[in-house]
Structures are given as structure tokens and as C-alpha cells.
1. Restricting region 24-52 to residues that are touching a His at 6+ places or on another chain (Cβ under 7 Å) and more than 29 Å from C102 (Cβ to Cβ), which is least open to solvent (accessible area, probe 1.4 Å)?
2. Got a number for residues in region 26-54 being of a type in the set (A, V, I, L, M, F, W, C), assigned to a helix (DSSP H, G or I) and touching a helix residue (DSSP H, G or I) at 6+ places or on another chain (Cβ under 7 Å)?
3. Go through region 7-25 and give me each residue that's assigned to a strand (DSSP E or B) and among the small types (G, A, S).
4. Quick one: what pairs do we get from region 89-106, first residue closer than 18 Å to D40 by Cα and hydrophobic (A, V, I, L, M, F, W, C), second open to solvent by less than 50 Å² (accessible area, probe 1.4 Å) and not in a strand (DSSP E or B), C-beta under 6 Å, 6+ apart or different chains?
5. Do any residues in region 51-66 that are at negative phi have Cβ atoms under 8 Å from those of residues that are part of a loop (DSSP other than H, G, I, E, B) and of a type in the set (F, W, Y), where the two are at least six apart or on different chains, and which pairs are they?
6. Helices (runs of 4 or more DSSP H) wholly in region 129-244 with at least 2 residues that are under 28 Å from E26 (Cα atoms) and not polar (S, T, N, Q) - which ones?
7. Scan region 101-130 for residues that are more than 28 Å from E49 (Cα to Cα), of a type in the set (F, W, Y) and either buried (at least 19 other Cβ atoms within 10 Å of the Cβ) or at pLDDT 95 or above (or both) and jot them down.
8. Which residues, taken from region 62-90, are open to solvent by less than 50 Å² (accessible area, probe 1.4 Å) and among the polar types (S, T, N, Q)?
Amino acid sequence: MVIRIAAVGDVHLDEDVVGRFRPALERLPERADVLLLAGDLTRHGTEREARCVATEFGGLGVPVVAVLGNHDYHCDEVPQVLRVLRDAGITVLEGDSVVLECSGGRLGIAGAKGFGGGFAGRCASDFGEPEMKAFIRTTSGIADRLGAALREMDCDVRVALTHYAPVPDTLAGEPLEIYPFLGSYLLGQAIDSAPTGLAVHGHAHAGTERGTTPGGVRVRNVAHPVIKQAYSVFHLGEQSMSSQVSARTGSGT
């Protein structure tokens, strides 16, 4: 049995973008069992922009599960953004999980925004000034919650959903200098702590689509500027994963 997972991130919706994705989304139930939104749903994190997200991604005929991104925090209206999204039927995760009954089995999704810090050999550490310790401890705490959420799910297939990248592979194309602000190896460790079938993230607009955690979990950067389509669809089963291309759309950034 196969579970079909559609995913996109970094759609950065505002009033001028509403309707751009919807034509492809209308056929989503024919192609996928669930849609994952990998953060940066809005441009500046306002309640008004969240209403645009609700209009675009609400009522699709399949469950929609999201995490927020750094843009969604910018205007300090996170409670309002969350309320609008949840009122539209969109499940928003932050260090927790949801299990969905799909025709191909029980799909468990654990999600968290994530945070930065860098990757093995080129990363910040929990040492020195209080500001540096606070930075890394933020990422560490998020990663701990993500790992626990993945391990505790009772499901057939596990998927990790983040905004920040868990591996450097999918950042290829971005300037090396900003890697520490695009993700952290701690997220990859969390994903590897459970038998995870797929990890999807966004954030890296100039990055690369495919990567792998040290433990062998397949990672996909689904930022809209990378996949250049309304969503990508991944087929997950017990033994293998394949991906297929969805209908194309204009730029959402």
C-alpha cells in the first residue's frame, strides 16, 4: 500500500498571490492523501496574510498539515496567525504530531519550525556568551521535541516536517556563509532517532531538492522557488519512496 504526500513551502502569500496555487490545488484529492506546508506561509506573519493562506489552502478535500517559518513570526502576530489557520481546518504543528488514517495506512507527521546553528564541523556550540548559549539551546529544545514526537507516534509511516533544513545537502546553491542560519544538524539527529520515511523542509530558496540524513532518511527541500510548482508528490510505502511531479504554477515568492 502507498501513501501519497504532497508538499510545498515558502509560498509567502499576500493578497496579490491569492489564487495562484488554487487551480492546481483543486485537483489535489486525485493525486495526494495529504498536503504538507513547510513554513513561510506568509510574507510578514500578519493576520491579514494568514487569511490569504486560509483562502488558498483551506477546503481542499485532503488534510492540510503545516509548520510556521521565520517569516510567519516577523510581525509578532503568531497567535492570530495560528487561530486563522486552524479555523480554516489547517493543522499547525510545533514540536507535536498528528496521525492520519489514509487508504495506504496510518501516516504520522511530526512537525516543528526548527532553527539554525549549522552542521557538523561548521556549527555553533553551547559555549561562551549567554546569547550564543540561548541561540543553540533554542535549536536543541526544538530538536528534542521533534525527536520525541517522531518516536512516540503509533503509525505505519513517519514523516518529519520542518521549515529549517536538517541536512546541508539540500542547501547546495546557497552561500556557505549563511548555512548556520538555514538549519541545524540537531534536526537531522532528531529525525534519525526514529524510523522516519521522509523529511521535508523549506527555507532554502536557492538550495537543492534532494538530500539524506546521516542515518539514511531521505530529505526533500520543497521550497516553492526550488520545486517551481504548486507542490511535489511523494509516494511512501514500507519499502520504497518515489516522487512524481504535480501541475505547475507561477512563482509564489
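1. Taking region 24-52 first, the residues touching a His at 6+ places or on another chain (Cβ under 7 Å) are 38-40, 42-45.
Cutting the leftovers down to more than 29 Å from C102 (Cβ to Cβ) gives us 43-45.
Values: R43: 64, H44: 88, G45: 0 Å².
For region 24-52, the residue satisfying everything is G45.
2. Narrowing region 26-54 to residues of a type in the set (A, V, I, L, M, F, W, C): 28, 32, 34-38, 41, 50, 52-54.
Restricting the remaining residues to those that are assigned to a helix (DSSP H, G or I) gives 28, 50, 52-54.
This time we only want the ones that are touching a helix residue (DSSP H, G or I) at 6+ places or on another chain (Cβ under 7 Å), so: 50, 53-54.
The total comes to 3.
3. First, the residues of region 7-25 that are assigned to a strand (DSSP E or B): 7-9, 13.
Residues satisfying the conditions are A7, G9.
4. V92/L82; V92/L85
5. E56/F21; F57/F21
6. Working: elements: 130-152, 185-192, 224-227.
Answer list for region 129-244: 224-227.
7. Here is the first cut: in region 101-130, the residues more than 28 Å from E49 (Cα to Cα) are 101-108, 117-130.
Okay, now just the ones that are also of a type in the set (F, W, Y), so 119, 127.
F119, the sole residue that qualifies.
8. Result: no residue meets the conditions.
The values are calculated or read from the model by the stated rules, or taken from the named source; none is laboratory data. Keep in mind the model is a prediction, meaning the values are calculated, not measured. Reconstructed Cβ throughout: ideal geometry from the backbone, glycine too, with neighbour counts over all protein chains shown. Ligands, DNA and RNA are excluded from the accessible area calculation, which covers all protein heavy atoms including side chains. Shrake-Rupley method; radii C 1.70, N 1.55, O 1.52, S 1.80 Å.
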